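Read-outs throughout are calculated quantities, based only on the coordinates presented, and are distinct from any laboratory measurement. What you see is a predicted model; the values in this text were computed from it and never measured. A quick note on method: Cβ atoms are made from the backbone with ideal geometry, for glycine too, and the neighbour counts reach across all protein chains shown.
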């Protein structure tokens, strides 16, 4: 078990730079999730940590050892691949033993460790099967088992659940979380699914275009995003953004007028003072709408999604890229095509600079 | 079901061409092998006499063994060299395409040209190899490459191996490309060295490529006659007289077409048997 | 904490700079070694090209040395008597035609063989195997008689078919294994879209065969280009002869002269090597797809 | 791409053109190519000028390919109008009835050298118009000899041995003696007594090699040459008599090469190579023994389409001035009596031995020795050179076995 630290890690392919100076600290025993849209560099970063991609510049330590240019096998990491990468010509037992055998571990020792891992993962009944005779979930478990027996300092998971169906995905998610508790190991987990990120992570790292947008605890990212991108990426359904203009600033509040909501003015508490007339975006999560909020407005609803406990009302307009989403909890549901009176508390609104996307706190 | 069977119409053009220009001639060859045909004129039926002669004389049995031995040398060496280069180039993407094309070049030359190039390289007096050894101060290693009966077969085999290493290398590289990259990466993370990854992960997964390569090179080598014909004509004193060389000698040196046809049929049977056994063994191994 | 963690292997730390140095150094070394080996493999060809530029005396005095000056006389002599352009065009025309015939009839024949597993398939596959195993020099006389009876002598069509017959068995094997690997769902989807057998073959199967076709074309290309017995036997019109025939004019009955044969050999092989170089990427991509079943 | 390809095929198929209105005389020969032009291009031009209605279409087919390419055409009833043949082909094709009788009544038949006429006439028919008789003997590099202080090509065994020793002393490789062909010339020249037993007696099994004093002595003669440092016998097995061996001589690396006179043209084109062509030293004569190979000739196949034009072609070569062109280019002797000398000066030693009657016809070219014996000679003499101390009968018995086999 060990902590992981990246300092100004850079990855270049020829002249193209794909990872731009990443600084990151993952504490011992943390479950850290890399999220971001496809192509954001999260897998590349993971493979750099694994040593499968050369790190072009910067430093990387695991448990205080500098492993920047070390061979993958000597880093003390184990990886679970998206495609599982099970050796098709070996049985489950052979798959799990292979790394230890290569490392010259004694036979009885291998058997002990593999059996222990098999028990943890409930794989005892499948040990003599080959991968093609296993279901997707079982293969996943073997891949994890193969990682466990090596007792790595850091576990790496590369979108391990994306090949599973929805039900299995939830199940495995829980199991991996349980495993993390049981092993107490440092784990780094790559996914593009922010639900996985929110539910599993101690720490989420949001990546975009090879840069870290924000890293922190899930709740921090959810409630206190640093920028428009993180705010929009974390949370489902996504946060609503309203274009607005700062009309005046007084007493630590910026008054923002929102044309989309009939020109209402929202006073948002800020410490740094935006200029008057500055274009801003105001972010509001769907669950922050409440009928008796301080700010009132009306929306035309075109679609209602009823999920049983909650419903989501969608209000599109030609000017928007995304519909405004309102979460409804009460029994009273508006009609599709009807008008819905909404309200919210200005303290739950977040303010962003339209141009840079930076959060105005 | 009828719709499916009608699919067989698709085989008609190929079967026509093969049947007319390949299978039919083979049947004629079979007929010829029961005669004393001289390549021209009338043929007289001699029954099984040609076959009798083949199987009662040591000479032909020895030639069959020599042919099989030659094939074993060439095929195993080709498999090893092809695997070696493929495994190396698989790990070196920077020079992979260039090297693959370069290695393939000898296989694109004609046998006759290759034969004469090596005739000049192997020449005992001023041949390229001996002169090079002399220049490198290794004069003691000079050999009478084609003249020494103990060496000639291996010299000829070496030329054939040189010519087709690029061929097997290309097949194996294709096999490597078919192994998912993650398998090798998983192996690296588990601490397997380059050699261990090759031995335990890639080699077992190359099964189908090995089957294809071994089958193709075996069939090609069993039938080969061009290089030994040009390099040694079966000499010195019979040391490289493969079955195919004797077929050519009987056909065109002595005009014994009937007998040569019988030898050819024997060779055909050998090729089929070897190919069948190989296919079975290799496929079983793959599926194990 | 899990129970099996008591004997974790210790991981030693080394200097990262040393790691980097070691990895780079090793990588450069391996590249050099492999390139060196490839270069050694090419030496015999270099030797041939060098000989082709030398005079007889030079060959004698310094068999391994570079030619004093590029002596083009050998090439001029070879070029002037090879009918080069015409014979190269003939070779190309015949080669390409054989490829077309082999590819089409081979792929068509392979389709049912890959999809239907029954006695008919097995018999046809056996026939193909027989073709693959036969040494082709024994069938020369029968082939000639058949060609005469069909009036195919001295025609491009005839020689194209004769060559095609030689490589068709291989083509059928290649295509059969390749088509067998194409998911049957693709075909079923096409059938639901109301395609008949031919349309499925043409619109669904054929486009997927490009890679293996490239590999096969290479094999056909090499064989047809270098063979000279069939053209000698089946073509009499000198305007139809292929480039390798022109090369073999330099192999005398009573000896060969390296200063004459090798320039001709270089000239004869050059177009094939150039075609290979141009198509190498495609062909090799095909080789990749070809062997993986 | 496939669509483009099919267009190309179609064009290629359509390119097959039809023949012109003239008589096209289809001639197949293994001469007339770059390596051995044999004056044929010049002669064809002359022939066409004399016969404006005939166009000669000469196809070069190497001798070893003739065996593959022509029999199917003969068998298929579609032969060339004129084809080059040698005695074994005359025997095979003529024997099967595929060659026309050219007629013993021809004027040239009477002029033929008697020995050749005797060999070429079978069953009262002459199925070939012989073109040449080619000498076989030693090519001698006179510059290298001069370095060893010798100014005359050796024609006796003693001269040869002395030359070898002198050359070896100078560090010059004296002789090529590859088993495949050069050694055969020496063994033949020392085993066949021009005034003694006819080679046909061995070839027919009447007389065995193994008990024959002459051939035993011939093999002993090889050992004498080895003792005189003429060559390293084991090294010779690695030389190809047709590729690397001539190259050694051409390059000036070796002083003496037993080969055929057909190399004269080729060697003459090498700048700075001064050589002579001499008869083979033999224990039967002190003049050197000329080994004459009955060379190829023209034959008209039975089913020739333009037999008349073919006849004109043969008659054209029967005219001395035309044959002389061919012979000069070949470095060959005429198989007909009379006629001018066609050999260059450098072959004077050989021509002289011939003129003095020190001459045999090479028994393989007259079919006095069976064809199978030739490859057995190649193999067994190579084997003999590799292990020169083994008893002669090991080698000679193999020849007798082969003769017996081929009967």
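Rounding to the nearest 10 and keeping the result within 0 to 90°, find how far the Cα-based axis of helix A:136-148 lies from the longest principal axis of chain A.
70 degrees
Using alpha-carbon pairs under 8 Å, 6+ residues apart, how would you state the relative contact order of chain B in percent?
Working: 313 pairs, mean separation 80.5, N = 288.
That works out to 28 percent.
Residues of C:237-246, mean number of Cβ from any other protein chain within 10 Å of their own Cβ, rounded to a whole number?
Neighbouring Cβ atoms belonging to other protein chains average 3 per residue here.
Taking the Cβ-Cβ separation of residue A:300 and residue C:193 as r and a Förster radius of 51 Å, what is the calculated FRET efficiency to the nearest 0.05?
Numbers: r = 42 Å, r/R0 = 0.83.
Between residue A:300 and residue C:193 the formula returns 0.75.
At a 10 Å Cβ-Cβ cut-off, how would you order C:134, B:218, fewest neighbours first?
Details: C:134 25, B:218 21.
Sorted ascending by nearby Cβ count, the order is B:218, C:134.
List the pair-distance distribution P(r) of chain D, using every Cα-Cα distance, as the percent of pairs falling in each 20 Å bin from 0 up to the bin containing the longest distance, rounded to whole percents.
In order of increasing distance, the bins hold 25, 53, 19, 2 percent.
Taking neighbour Cβ counts within 10 Å as the exposure measure, how do A:238, A:47 sort from fewest upward? Walk me through the numbers before you get to the answer.
Numbers: A:238 16, A:47 19.
Sorted ascending by nearby Cβ count, the order is A:238, A:47.
Classify the range C:73-288: rounded, prolate or oblate, from the alpha-carbon gyration tensor (a ≥ b ≥ c, eigenvalue square roots; a/c under 1.5 rounded; otherwise prolate if a/b is larger than b/c)? Could you put the intermediate results ahead of the total?
On the way: a/c = 2.62, a/b = 1.84, b/c = 1.43.
Prolate.
Across the residues of A:92-102, average count of Cβ atoms on other protein chains within 10 Å? Each step should come with its number before you reach the end.
On the way: counts 0, 0, 1, 1, 0, 0, 8, 6, 3, 5, 8.
Partner Cβ neighbours, averaged per residue: 3.
How far is helix A:107-121 tilted, in degrees, relative to the longest principal axis of the Cα atoms in chain A, given as a value from 0 to 90 rounded to the nearest 10?
Result, in degrees: 30.
Would you tell me the mean number of C-beta atoms belonging to other protein chains that fall within 10 Å of each C-beta in B:230-243, as a whole number? Present the calculation step by step, with values, prior to reporting the outcome.
Values: counts 5, 2, 5, 8, 3, 12, 13, 13, 4, 5, 0, 1, 0, 1.
Taking all residues of B:230-243 together, the mean is 5.
Picking from C:34, C:220, C:160, which is most flexible by a Gaussian network model of chain C using Cα springs under 10 Å?
Highest fluctuation among the options: C:34.
Full extension from residue D:305 to residue D:147: what is 0.36 nm times the residue separation minus their Cα-Cα distance, to one decimal in nm?
Values: separation 158, 0.36 × 158 = 56.88 nm, distance 5.84 nm.
Separation in residues times 0.36 nm, less the Cα-Cα distance, equals 51.0 nm.
For a protection proxy built on the mean count of beta-carbon atoms within 10 angstrom, sort C:234-241, B:107-114 highest first, please.
Details: C:234-241: 19.5, B:107-114: 21.9.
Per-residue mean Cβ counts within 10 Å order the peptides as B:107-114, C:234-241.
Of all beta bridges DSSP finds with both residues in the range A:4-233, what is the antiparallel percent, to the nearest 5?
55 percent
Between the range A:242-304 and the range A:33-80, what is the separation of their alpha carbon centroids in Å?
What the calculation gives is 42 Å, centre to centre.
Report for the protein assembly as shown the percent antiparallel among DSSP-assigned beta bridges with both residues inside it, nearest 5.
Details: 87 of 118 bridges.
Beta bridges within the protein assembly as shown, antiparallel portion: roughly 75 percent.
Any chance you could check the Cα centroid distance between the range D:28-82 and the range D:278-300 for me, in angstrom?
Their Cα centres are 27 Å away from one another.
Considering the Cα trace of the protein assembly as shown, what is its radius of gyration and what is Dmax, both in angstroms?
Here Rg and the maximum Cα pair distance are 41.5, 139 Å.
Please build a GNM for chain B, connecting alpha carbons under 10 Å apart, and tell me which residue among B:125, B:34, B:243 fluctuates the most.
Checking each option, the largest mean-square fluctuation is seen for B:125.
Can you give me the C-alpha center-to-center distance between the range D:128-144 and the range A:132-197, rounded to a whole angstrom?
One Cα centre to the other: 87 Å.
Which of C:143, C:205, C:120 moves the most in a Gaussian network model of chain C with Cα springs under 10 Å?
Of C:143, C:205, C:120, the Gaussian network model singles out C:120 as fluctuating most.
At a threshold of 8 angstrom on Cα-Cα distance, excluding pairs fewer than six apart, so keeping six or more, what relative contact order does chain A reach in percent?
With pairs under 8 Å counted, the relative contact order is 15 percent.
Relative to the longest principal Cα axis of chain D, at what angle does helix D:320-330 sit, 0 to 90 degrees, rounded to 10?
50 degrees
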